[in-house]
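Below is one structure; the comments refer to it alone.
The values are calculated or read from the model by the stated rules, or taken from the named source; none is laboratory data. Fair warning: this is a prediction, and the values are worked out from it, not measured in the lab. We place every Cβ from the backbone using ideal geometry, glycine too, and count neighbours over all the protein chains shown. These accessible areas exclude ligands, DNA and RNA; they are computed on the full protein's heavy atoms, side chains included. Shrake-Rupley method; radii C 1.70, N 1.55, O 1.52, S 1.80 Å.
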Amino acid sequence: MHHGIIVDLLIFLAIAVVVSPACHRLKISPVLGYLIAGSICGPVGLGLIADNEGTRSLAELGIVFLLFMIGLELSWERLKVIRHFIFGLGSAQVLVSGLAAAVILTVVLPILPVKGAVVVGFALAFSSTAFVLQILSERGQLASQSGRVAVAVLILQDLAVVPLLVMIPLLGSGADGWTMLVGMTTALSKAAVAMTVIFGLARLALRPLFRAVAATRSPEVFVAAALLAVIGTSFATESIGLSHSLGAFLAGVMLASTEFRHQVEADILPIRGLLMGLFFLTVGMTIDPAALLDDLPRTLLGVGTLLGLKTLVLAGLALAFRFPLSTAMHLGLLLAQGGEFAFVVLARAQQNQLIGNVSGEFITGIVAISMALTPLLALAGEAVGRLRRLDSAPALADGETRDLDNHVIIAGCGRAGQIVASILRDRAIAYAAIDREPLLVENLRKRGEPVFYGDIRKLEVLKAVGAERARAVVLTIDSGSSREKLVPRLHALFPHLRIMVRARDRRQAKGLEAGGATEVVPEILEGSLQLTGHVLRHMGNPAEEVQSLLEEYRKDDYAKLALTLDRD
């Protein structure tokens, strides 16, 4: 390996050791820290890190692994839920934002010719997949409504890179409209067929491959198989002209429905974190503070116009798709920045002489600055999203739950309900919660929780939270009589719904099971078992033996305990 690359990697590792703890102490996103460090240590700053091909190739792997990890959180079934927003809202966002930016660049601020303005306009329509998904993942918001819709828009943007890259050489060569249409249609058809083939082959091969690897019980081989899946699928999509990050995303989606996803996620996480840091560092290296400060008014105008335009377009389109105003504004601010694919598109446009080098560097700086502002924009979006007064309906708004499918409904947001919600949120499982305590609902909504005021006993409320599309309902309400009346009603209205409910004791549990409950947890008995387990372990009994004993009681449906308690 060349000594220059080794030195660059050593400097990067030193930066990672310093930046991450400092950002954690200051309670800011590490993304911002890496951007600042890149600008300071890069070629335009102190010159400690060289802007070479090797460093950039490693940095691009960061995007690959990030999208793979996001794919692991979004199974094929979950993607089907948001397909309408991928091809509906996502397509509209790219078209409207791209055309609006092109008009501004040619009419309002005439700094580019028409062809160049069209390419740059669509390049600016892309948002930063890496930044946004990193922030959503860090804050546990992938399963929130804003998170789900943002992922849908970002997926479409990744797909839209393909026709844009095909269009650039055609525009540069002066091809007529018919030639461009034929070329783009051919490229898109080829991409669709290739993606279908890759997806089909991978779905057939991945599970048997990981089963064989897991049988070896070798952690090294398992990590190698995971890397093979990520990099192999990325290489396959890139070799047919698609985005390598799209291939990594597909690999994650395919593994998400297998039993190996959690181990793969644990093995890949440290690698992804380091490579993502390197990516953000290289983005920071493109920012030349001196050059941008020399033309500060023009720079501020460019950044402000980009952020303002995309926020307004996204928020307006989200409102048109019947999302609440708070969600629309959160989404608009979250995706207002430029994206990493803009750098690829701008470089290709310069190669085909559609834009000059000076214009390319200026627009690249604007995109990089907008990406650096992503953490602040996300915080602003969250703050706007918490303002209940922006919602057209302060209680239960159908627009906030209509995109849910195969989700979980939580009835009751007390301590038990909040614990269930917290675990579902950490696993990126979509849910909607209902409670009749207005103050509790208001406090939870301020924290960004999908909690609504309503009476779960009413059919209109059940329909509003998508009970006909839900997979399960968890009843944590305190009133035993309410549970006993609600379970048979839910079972009759929605026979497909899995009903999970807590009971006071075994006697009440029997009645709930007879009423149609799928799973019943008797609180007194289960709590007693857990307490007994701790006692046995502290008395020196092996953990495996204690767990086996507790499971024996559970398998007998608590019969050994219930015989005595039911006599009380």
Study note, to complete from the structure: Note on the range 465-480: residues at pLDDT below 80 and of a type in the set (A, V, I, L, M) are 477
Check your understanding: Does any residue in the range 270-293 that is under 12 Å from residue 60 (Cβ atoms) and free of Cβ contacts under 8 Å to residues at least 40 places away in the same chain come within less than 7 Å, Cβ to Cβ, of a residue that is among the small types (Gly, Ala, Ser) and open to solvent by 20 Å² or more (accessible area, probe 1.4 Å) six or more places away or on a different chain, and which pairs are these?
Key -> none
**Study point:** Residues being closer than 17 Å to residue 148 by Cβ and of a type in the set (D, E, K, R) - total across the range 417-444
**Key:** 3
Practice item. With the condition kept exactly as written, say whether any residue in the range 253-266 is surrounded by fewer than 17 Cβ atoms within 10 Å (Cβ to Cβ), closer than 30 Å to residue 84 by Cα and at pLDDT 85 or above. Key: no
Review point. Applying the selection to the range 216-228, what residues are within 24 Å of residue 60 (Cβ to Cβ) and either open to solvent by 30 Å² or more (accessible area, probe 1.4 Å) or in contact (Cβ under 8 Å) with a residue 60 or more places away in the chain (or both)?
Key: 223, 224, 227, 228
Check your understanding: Consider residue 32 against the criteria (1) in a helix (DSSP H, G or I); (2) farther than 26 Å from residue 158 by Cβ; (3) modelled with pLDDT of 70 or more; (4) not acidic (Asp, Glu): it satisfies all of them except one. Which criterion is unmet?
Key -> (2)
Practice item. Give me a count of the residues in the range 394-444 that are touching a Lys or Arg at 6+ places or on another chain (Cβ under 6 Å), farther than 21 Å from residue 494 by Cβ and either open to solvent by less than 60 Å² (accessible area, probe 1.4 Å) or at pLDDT 75 or above (or both). Key: 1
Review point. Just one of 335, 325, 319 is touching a residue at least 40 places away in the same chain (Cβ under 8 Å), among the hydrophobic types (A, V, I, L, M, F, W, C), open to solvent by 10 Å² or more (accessible area, probe 1.4 Å) and in contact with a helix residue (DSSP H, G or I) (Cβ under 7 Å, 6 or more places away or on another chain); which is it?
Key: 325
Check your understanding: (1) modelled with pLDDT under 80; (2) closer than 24 Å to residue 135 by Cα: which one isn't true of residue 377, the others all being true?
Key -> (1)
Exercise for review: Determine whether the range 183-192 contains at least one residue that is aliphatic (A, V, I, L, M), under 18 Å from residue 90 (Cβ atoms) and modelled with pLDDT of 70 or more.
Suggested key: yes
Check your understanding: Looking at 342, 291, which is the one that is touching a helix residue (DSSP H, G or I) at 6+ places or on another chain (Cβ under 6 Å) and either buried (at least 17 other Cβ atoms within 10 Å of the Cβ) or part of a helix (DSSP H, G or I) (or both)?
Key -> 342
Exercise for review: Could you list all residues from the range 353-384 that are touching a residue at least 12 places away in the same chain (Cβ under 8 Å) and outside any helix (DSSP H, G or I)?
Suggested key: 353, 354, 355, 373
Study note, to complete from the structure: So, first residue more than 12 Å from residue 339 (Cβ to Cβ) and without any contact (Cβ under 8 Å) to a residue 60 or more places away in the chain in the range 152-163, second residue of a type outside the set (Lys, Arg) and part of a helix (DSSP H, G or I), Cβ within less than 8 Å, six or more apart or across chains; the pairs are 163/184; 163/187; 163/188
Practice item. Check the range 468-490 and report whether any residue there is small (Gly, Ala, Ser), outside any helix (DSSP H, G or I) and open to solvent by less than 20 Å² (accessible area, probe 1.4 Å). Key: yes
Exercise for review: Kindly indicate whether residue 440 is under 30 Å from residue 137 (Cβ atoms), in contact with a strand residue (DSSP E or B) (Cβ under 7 Å, 6 or more places away or on another chain) and in contact (Cβ under 8 Å) with a residue 24 or more places away in the chain.
Suggested key: no
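Whether any residue in the range 313-328 is assigned to a helix (DSSP H, G or I) and within 25 Å of residue 115 (Cα to Cα) is what I want to check.
yes
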Exercise for review: Report the residue count in the range 511-535 for those that are of a type in the set (A, V, I, L, M), open to solvent by less than 80 Å² (accessible area, probe 1.4 Å) and at pLDDT below 75.
Suggested key: 2
